[in-house]
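To keep things clear, I will list the structure first and then write my remarks on it.
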Amino acid sequence: MKLEDKEIGKRIARRRKKLDITQEMLAEWAGISTKYVSNIECAKSIPSMEVVMRLASVLETTPDEFLVGTARYEGQRWQTVAKLLRGMSDAQLDLMEDFAAWVAEHTEHL
């Protein structure tokens with residue numbers, strides 16, 4: 001497991017504690033198990049992009065805070081995207097993840 005993967009869990013735990021939210025509450029609100037939250041925070045599991053989006057929504061931040069350590073607040077547009085992703089199948093999420101990576105790679109100048 002890479003250092004960045006371990007940092008994701010630490011950042012999620014730090015944000016959760018800052019908001020005084022238990023692992024049980026976070027799990028329920030994000031639609032995942034308490035064990036999975038614990039595994040993410042202890043870096044035993046790496047969350048999918050869908051789960052990162054859900055956790056960011058519940059913890060009132062952007063996925064950037066977990067992935068790179070800084071939150072980017074530009075209105076609530078990211079929440080709209082997160083809501084769209086929640087209802088997608090695994091195949092659709094794979095496609096969206098590939099698309100997001102392509103956009104990030106090819107639009108650095110925007």
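The values are calculated or read from the model by the stated rules, or taken from the named source; none is laboratory data. Computed from a predicted structure; not experimentally measured. Neighbour counts run over all protein chains shown; Cβ positions are idealised from the backbone, glycine included. The area values use the complete protein model at the heavy-atom level, side chains included, leaving out ligands, DNA and RNA. Shrake-Rupley method; radii C 1.70, N 1.55, O 1.52, S 1.80 Å.
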May I ask you to derive the relative contact order of region 1-62, considering only C-alpha pairs under 8 Å and at least 6 residues apart, and to give it as an integer percent?
37 percent
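To the nearest 20 debye, what is the magnitude of the charge dipole of the chain about its Cα centre, counting +1 on the Cβ of each Lys and Arg and -1 on the Cβ of each Asp and Glu?
520 debye
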Mind pulling the per residue volume of the convex hull built on the Cα atoms of the chain? Å³ is fine.
112 Å³
Where in the chain lies the longest segment free of GluC sites (Glu not before Pro) that are both loop residues by DSSP (not H, G, I, E, B) and have at most 16 other Cβ atoms within 10 Å?
1-59
Solvent-accessible surface (1.4 angstrom probe) belonging to residue 34, in square angstrom, nearest 10
50 Å²
